[in-house]
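The values are calculated or read from the model by the stated rules, or taken from the named source; none is laboratory data. This structure is a prediction, so every number in the text was calculated from the model and none was measured. All Cβ positions, glycine included, derive from the backbone under ideal geometry; neighbour counts span all protein chains shown. With ligands, DNA and RNA removed, areas are computed over all heavy atoms of the protein, side chains included. Shrake-Rupley method; radii C 1.70, N 1.55, O 1.52, S 1.80 Å.
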Amino acid sequence: MTGIRGVLRRGFDRIERPLDRLFGADWNPLANLGPLGWFLFWIVAVTGVYLFIFFDTGVVAAYESVEWLTNDHWFHAGLTRSLHRYASDLLVAVMLIHMVREWAFDRYRGRRWFSWVTGVLVLWFVYLSGITGYWLVWDTLAQYVALTTTELLDALPFFAEPIARNFLTPSSLSGRFFTLMVFLHIAIPLILLLMMWIHVQRITSARTKPPRGLGTIMLVALVAVSYLMPAVSQGAADLSTVPAEIGVDWFILGLYPVIDIAPPGVIWTGALVITLLLIGLPWLPPRKEAAAAQVFLDYCNGCTRCEADCPYNAITMVPRSDGAPFPLEAVVHADRCVACGICMGSCPSSTPFRRSGALITGIDLPGRPLEDLRAEVIEAASDLSGEGRVMTFACAHGAASVPKEGRVILPCVAMAPPSLFDFILSRDLADGVCIAGCARRDGFNRLGIAWTEARIARERDPFLRARVPRERLLTVWAGPSETARLASETRRFAESLAALGPFENRRPLDPAEKEVMASPPVSPAESPTESQPAAPDDGQ
């Protein structure tokens, strides 16, 4: 599985790079599949409501009303029908690609299971919505879909009488059937909308709108296709005959030829197995997650930054429980935390300058605390020499994910607080810092890129200190297949640092200080408390 995911991940990365150049990173279609799915849903919903104005639910009138709006009013109602059809097809394609992409990038397991499982249910409701829509046209394709579907449903032991008998003769079908289908075609999309809302509930600031420009391009393209290749019916349904030849919509009805030739029991068993397999994928095998972030109230002032920066709604603020003179404290929901470390990078007490006492911050990762990270930085600095020394903070999912001298690999680069960059430069551990994150178009931990850039630009707390010159920081957002670009930009950055010379506000660590800061961390049980405050921080 890991090997297949790796191939797909590199494949997506290589396809998306030219799309970056064509559309820009923010408008890249493959990085906006989720928002595009929402956009297409609303196109289908709005066009469906408009078409309903012209639709008649009678047995004969259903087909005639669709033909009337398609031919006599082609310039608005006919266009709307085609737009409804092609947006529905594209919605299915977008959802399938989105699922494959999330699987390839391993964003479906562990504590991310919720979005994946609800996404599987959303996909089924999309198919059900599309199938019921085809019945309403009542042409030969609708007749084929109705017969095939009802025969499949009759194999289930839930119905007192066979449903398929309603389609044996023209006289056996009444207008009430179309009224029922209209009801289902309205009710199922409403349930679908509810499921889509549930799907994003564990995501902070979930993107449900594509960039306006990208949405405009997609809408214009759909309208153009609708004009050039208008959707048309395939002849009126006739229950006294069996359709000899039909054209199938392979996006929504692609499985119907299989249903035609396989026994109903095989179809239902296969559908159940595939559904259970998709739902069970997050646990096949389960991901070994790092320990969830932990709050240390002695260092937490309830500032709410960690809650605001968490991409997964894993942190909430509650009334203070320890009697400290602050109104709130942070609480981590371990079942949602993916241990990305973004909260640690946002905490105002995450400063590496402390020289005595345990370096504990308000919210920290037990498996990778700030004290360990500081020790890793000091150790990595020992590998650097010469002019233009570059310390690299690398995203584990980007181009710099392979260990290398002077490189510290993080689950997300937003885990590193801006004060850590200040520490590296002011303590002469390096001449510059390279922040090598994953591809800008779609960060692995969602908001990590945006928060990192905002902190460096001094637009979001915690701010990068004014004494840190921006020219000594390099940000490179590169996917797994862009190692050559990363190496090239890092090399040019090192040359520019050599030309700048040493950082003027530096005070190198003395041997004793380096030994203290690089020593094994003190356990939380031995950490300073309110009665044993940590030594003052001379770097802030």
Q.
Output wanted: per-residue J couplings in Hz (rounded whole) for region 408-420, from phi through Karplus 6.51 cos²θ - 1.76 cosθ + 1.60, θ = phi - 60°, x for Gly and Pro.
A. 10, 9, 10, x, 7, 5, 5, 5, 7, x, x, 5, 5
Q) Between E387 and L8, 0.36 nm times their residue separation minus their Cα-Cα distance comes to what? A) 132.5 nm
Q.
For a quick check: with amide H placed at 1.01 Å from N, whose amide H comes under 5 Å from I363's, ignoring anything fewer than 5 positions away on the same chain?
A. F296
Q: Label region 180-238 by shape, choosing from rounded, prolate and oblate, from the square roots a ≥ b ≥ c of the eigenvalues of the Cα gyration tensor; if a/c is under 1.5 it is rounded, and otherwise prolate applies when a/b is larger than b/c, oblate when it is not.
A: oblate
Q: Compute the long axis of helix 33-54 from its Cα atoms, compare it with the longest principal axis of the Cα atoms of the chain, and write down the angle in degrees, 0 to 90, nearest 10.
A: 30
Q. Based on the alpha-carbon gyration tensor of region 1-113 and its eigenvalue square roots a ≥ b ≥ c, which shape applies: rounded if a/c is under 1.5, prolate if not and a/b is larger than b/c, or oblate?
A. prolate
Q | For the chain: accessible area per residue (Å², 1.4 Å) | A | 47
(Q) Tell me the angle of helix 2-23 to the major Cα principal axis of the chain, expressed in degrees between 0 and 90 and rounded to the nearest ten. (A) 90
Q. Candidates (i) 1.17; (ii) 1.22; (iii) 0.97; which is the computed Cα Rg over 2.2 N^0.38 Å?
A. (ii)
Q. Under a straight-distance cross-link criterion of Cα-Cα below 27 Å, which lysines are reachable from K288, leaving out those fewer than 8 residues away in the same chain?
A. K404
Q) Among bridges DSSP assigns within the chain, what percent are antiparallel (round to 5)? A) 40
Q: Would you kindly state how much longer the chain becomes between V248 and L180 on full extension, computed as 0.36 nm times their sequence separation minus their alpha carbon distance, in nm to one decimal?
A: 22.1 nm
(Q) Take A224 and K209, extend 7 Å from each Cα along the Cα→Cβ direction, and tell me the distance between the two endpoints in nm. (A) 2.5
Q.
Rounding to the nearest 10 and keeping the result within 0 to 90°, find how far the Cα-based axis of helix 175-199 lies from the longest principal axis of the chain.
A. 0
Q: Could you check how much of the accessible area of region 432-505 is carbon and sulfur, as a whole percent, using a 1.4 Å probe?
A: 51
Q) Amide H neighbours of D139 under 5 Å, counting only residues 5+ apart in sequence or on other chains, H built in-plane at 1.01 Å? A) A237
**Q.** Size of charge dipole - the chain - debye, nearest 20, with Cβ of Lys, Arg +1 and Asp, Glu -1, no other charges
**A.** 740
(Q) Give me, ordered by chain and number, the residues 5 or more places off L328 or on other chains with an amide H under 5 Å from its own placed amide H. (A) R320
Q.
Loop-only chymotrypsin sites (Phe, Trp or Tyr not before Pro) in region 151-219, please: DSSP not H, G, I, E or B, and at most 13 other Cβ atoms within 10 Å.
A. F158, F159
**Q.** Projected label distance in nm at F52 and T304, using a 7 Å step from Cα toward the beta-carbon
**A.** 3.9
Q: Can you bin region 60-209 into rounded, prolate or oblate? Criterion: square roots of the alpha carbon gyration tensor eigenvalues sorted a ≥ b ≥ c, rounded for a/c under 1.5, prolate for a/b above b/c, oblate for the rest.
A: oblate
Q: Determine the distance separating the Cα centre of region 133-166 from the Cα centre of region 172-210; give it in Å without decimals.
A: 20
**Q.** Projected area averaged over orientations for region 206-272, convex hull of C-alpha atoms, nm²
**A.** 8.4
Q | Length gained when the stretch K404-A450 is fully extended (0.36 nm per residue, less Cα-Cα span) | A | 14.0 nm
Q) Percent relative contact order of region 114-265, based on C-alpha pairs within less than 8 angstrom and at least six residues apart? A) 43
Q. The chain: longest stretch without exposed GluC sites (Glu not before Pro) (DSSP loop, at most 12 other Cβ within 10 Å), sites themselves excluded?
A. 1-244
**Q.** Whole-Hz ³J(HN,Hα) from phi, Karplus 6.51 cos²θ - 1.76 cosθ + 1.60, for region 77-82, glycine and proline x
**A.** 6, x, 4, 4, 4, 5
Q) Expressed as a whole percentage, what fraction of the accessible surface of region 314-427 belongs to carbon and sulfur atoms when a 1.4 Å probe is rolled over the protein heavy atoms? A) 53
